[in-house]
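The structure appears right after this line, and notes come after that.
Please treat every number below as a calculation from the coordinates, not as lab data. Owing to the predicted nature of the structure, the values given are computational and were not obtained by experimental measurement. Neighbour counts are summed over all protein chains in view; Cβ atoms, including those assigned to glycine, are modelled from backbone coordinates with ideal geometry.
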Amino acid sequence: AQSVTQLGSHVSVSEGALVLLRCNYSSSVPPYLFWYVQYPNQGLQLLLKYTSAATLVKGINGFEAEFKKSETSFHLTKPSAHMSDAAEYFCAVTHSGGYQKVTFGTGTKLQVIP
Amino acid sequence: DTAVSQTPKYLVTQMGNDKSIKCEQNLGHDTMYWYKQDSKKFLKIMFSYNNKELIINETVPNRFSPKSPDKAHLNLHINSLELGDSAVYFCASSQGQGSQETQYFGPGTRLLVL
């Protein structure tokens, strides 16, 4: 079984401040981990993914995430928030060797304050 | 040149009716999915098809029936609609069925059952 937990359903940051969105995973086998972003009234879009190569993964729009096996975490960060980053962010997990049956977290809504 | 498209975008209907949602992808992908996103933004997979063959069939009422006439299309038919079916339904596709594949989402169909 696999699952992800996103801590904080709502996160507010000031424009220019560090963005940190937390994700912890649970998986009985080595996981693949994803961060997707959903802008209002749109579908999800991939930000980045970890598939057992480099543990520090860089994605689009200046986001990155680090896979930490010891902490079972895959937190998403961005050094400086922009107004356009306001959206819902979903962490997701699947595992190698299986079909693409992705388990999504419950999402974190990011608010960027001017 | 939309990658994954869904029709209709909005669907308002009465309880007991039968409705269909259509999905098309022009990415040349082999695998397509249907997800349901509830009012709390929780996203759960319903079905997945690979080259027109059903590979994932989650615990979904049998009032929901997917149909894949070809690998570029995956439609969702819902019989005897209930209030609890109100949600946003997302179609997605990926190149293959491997668990590391990126999924590409459509814009969603917002279904409201009255």
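By the rule of a C-alpha distance below 20 Å, with chain neighbours fewer than 8 residues away ignored, the lysines paired with residue A:78 are A:49, A:58, A:68, A:109. For segment B:75-114, the Kirkwood radius over C-alpha pairs fed into Stokes-Einstein at 37 °C and 0.692 mPa s yields D = 273 µm² per second.
Size descriptors for segment B:44-114: radius of gyration and Dmax over Cα atoms are 12.7, 39 Å. Net length available on complete extension from residue B:63 to residue B:42 is 5.5 nm, with 0.36 nm assigned per residue and the Cα-Cα distance removed. Think of each Lys and Arg Cβ as +1 and each Asp and Glu Cβ as -1; about the Cα centre, that makes the dipole of the protein assembly as shown roughly 220 debye.
Nothing charged except the Cβ atoms of Lys and Arg (+1) and of Asp and Glu (-1): what's the magnitude of the dipole of chain A about its Cα centre? Round to the nearest 20 debye.
Numbers: 8 positive and 6 negative charges, 51 e Å.
Value, rounded to 20: 240 debye.
All Cα-Cα separations within segment A:1-85 were binned at 5 Å from zero, giving a P(r) of 3, 13, 24, 26, 19, 10, 4, 1, each value a whole percent of the pairs.
How big is D, in µm² s⁻¹, for the protein assembly as shown by Stokes-Einstein at 20 °C and 1.002 mPa s if Rh is the Kirkwood radius over C-alpha pairs? Can you show the working numbers first?
Details: Rh = 18.1 Å.
Result for D is 118 µm²/s.
Projection of the Cα convex hull of segment B:1-81, averaged over all directions and equal to a quarter of that hull's surface, yields 5.7 nm². Fewest neighbouring Cβ atoms within 10 Å first, the residues B:74, A:76 line up as A:76, B:74. With a Förster radius of 22 Å applied to the beta-carbon distance between residue B:114 and residue A:5, the computed FRET efficiency rounds to 0.05. Computed from the C-beta positions of residue B:53 and residue A:18 and an R0 of 45 Å, the FRET efficiency is 0.50 to the nearest 0.05.
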